[in-house]
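What follows is one structure encoded as structure tokens, with my remarks underneath.
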Amino acid sequence: MLEKLMPKSDEFFDDFDAQAEVTVRGAKLLLALFEDFTDIERKVAAIKQVEHEGDDIAHRAFERLHKQFITPFDRAEIHRLLGRIDDVLDLTDTTAERLLLYEVGTVPQAAKDLARILVPATEKMQEAIGLLRDIKNPAQILAACREIKTLEGDADALGRAAIAALFKSGADALSIIKWKEIYDLIETATDRCEDVANVIEGVVLEHA
């Protein structure tokens with residue numbers, strides 16, 4: 001019985017890594033869609049498939065969290081980390097869905113620029129998550145978290161400027177509403193990357 005309660009080697013870290021990998025993949029697919037806005041239905045479906053992979057990983061991890069007696073760090077922190085990573089991919093998928101459902105037409109440069117920030121934000125998130133296995137050497141982890149926060153600040157500033165430009169553009173009201181929501185979704189995805197960084201920083205500062 002005790003053996004069943006003991007954690008197997010790195011299972012939670014494997015879950016974190018797998019979640020981060022699919023999240024990066026989803027962000028890259030979204031950027032590719034923005035940069036080549038053709039064959040939209042197929043590309044959106046590909047992002048949805050990646051999002052389903054992420055959901056499966058998160059579901060297995062949450063099940064493990066509820067069943068396993070010993071965890072590498074606090075259960076609440078693991079739960080938050082799994083949830084915030086999942087949020088990034090969910091928001092990426094929602095953005096792609098809106099592009100298809102709203103039939104938005106030409107993609108503004110600002111949307112591409114926001115997606116170009118989301119990709120490195122997810123990559124830095126993946127880096128920080130991978131480094132959690134060596135939590136006793138916190139400097140690299142905290143440096144990656146700082147970079148995520150810098151990228152989130154860049155996305156926030158770009159998002160504000162993009163929305164201001166949208167309202168000044170003279171575009172019809174419906175187009176403004178559609179693109180404002182899309183900008184907000186991408187910017188919120190980078191916010192969730194920052195949330196992941198905050199959780200990781202808390203774990204590191206408590207356990208390193």
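It is to be established whether one or more residues within the range 57-69 are crowded, with 22+ Cβ neighbours inside 10 Å, among the hydrophobic types (A, V, I, L, M, F, W, C), over 13 Å from the mean Cα position of the chain (by Cα) and not in a loop (DSSP other than H, G, I, E, B).
Applying the first criterion (crowded, with 22+ Cβ neighbours inside 10 Å) to the range 57-69 yields 57, 61.
From the residues that got through so far, the ones that are among the hydrophobic types (A, V, I, L, M, F, W, C) too are 57, 61.
Right, trim to over 13 Å from the mean Cα position of the chain (by Cα) and you get 57, 61.
Checking which are not in a loop (DSSP other than H, G, I, E, B) leaves us with 57, 61.
Yes, that holds for at least one residue.
In the range 127-136, which residues are touching a residue at least 60 places away in the same chain (Cβ under 8 Å) and over 18 Å from the mean Cα position of the chain (by Cα)? Explain how you work it out, then say what you get.
Of the residues in the range 127-136, the ones touching a residue at least 60 places away in the same chain (Cβ under 8 Å) are 128-130, 132-133, 135-136.
Within the range 127-136, Arg133, Ile135, Lys136 meet the criteria.
Which number in (1) of a type outside the set (Ser, Thr, Tyr); (2) over 19 Å from the mean Cα position of the chain (by Cα); (3) buried (at least 18 other Cβ atoms within 10 Å of the Cβ) marks the one condition that Asp93 misses?
Unmet for Asp93, out of (1) of a type outside the set (Ser, Thr, Tyr); (2) over 19 Å from the mean Cα position of the chain (by Cα); (3) buried (at least 18 other Cβ atoms within 10 Å of the Cβ): (2).
Go through the range 114-141 and give me each residue that's more than 17 Å from Val88 (Cβ to Cβ) and touching a helix residue (DSSP H, G or I) at 6+ places or on another chain (Cβ under 6 Å). Explain how you work it out, then say what you get.
The first filter runs over the range 114-141 and keeps only residues more than 17 Å from Val88 (Cβ to Cβ), leaving 131, 133-141.
Across the range 114-141, the qualifying residues are Leu131, Arg133, Ile135, Pro138, Gln140, Ile141.
On the given criteria, is Leu114 surrounded by fewer than 17 Cβ atoms within 10 Å (Cβ to Cβ) and either assigned to a helix (DSSP H, G or I) or touching a Lys or Arg at 6+ places or on another chain (Cβ under 7 Å) (or both)? Step through it out loud before you land on a result.
Working: surrounded by fewer than 17 Cβ atoms within 10 Å (Cβ to Cβ): no; either assigned to a helix (DSSP H, G or I) or touching a Lys or Arg at 6+ places or on another chain (Cβ under 7 Å) (or both): yes.
Here the answer is no, as Leu114 does not meet what is asked.
Yes/no matrix, rows are residues, columns are (1) within 24 Å of Phe12 (Cα to Cα); (2) crowded, with 18+ Cβ neighbours inside 10 Å:
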position: Leu99; (1), (2): no, yes
position: Gly130; (1), (2): yes, no
position: Leu142; (1), (2): yes, no
position: Thr150; (1), (2): no, no
position: Gly153; (1), (2): no, no
position: Gly170; (1), (2): no, no
position: Ile186; (1), (2): no, yes
position: Ile200; (1), (2): yes, yes
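Taken together, the values in this text are just the output of simple stated rules run on the coordinates, not laboratory data. All values reported here derive from a predicted model rather than from experimental measurement. We place every Cβ from the backbone using ideal geometry, glycine too, and count neighbours over all the protein chains shown.
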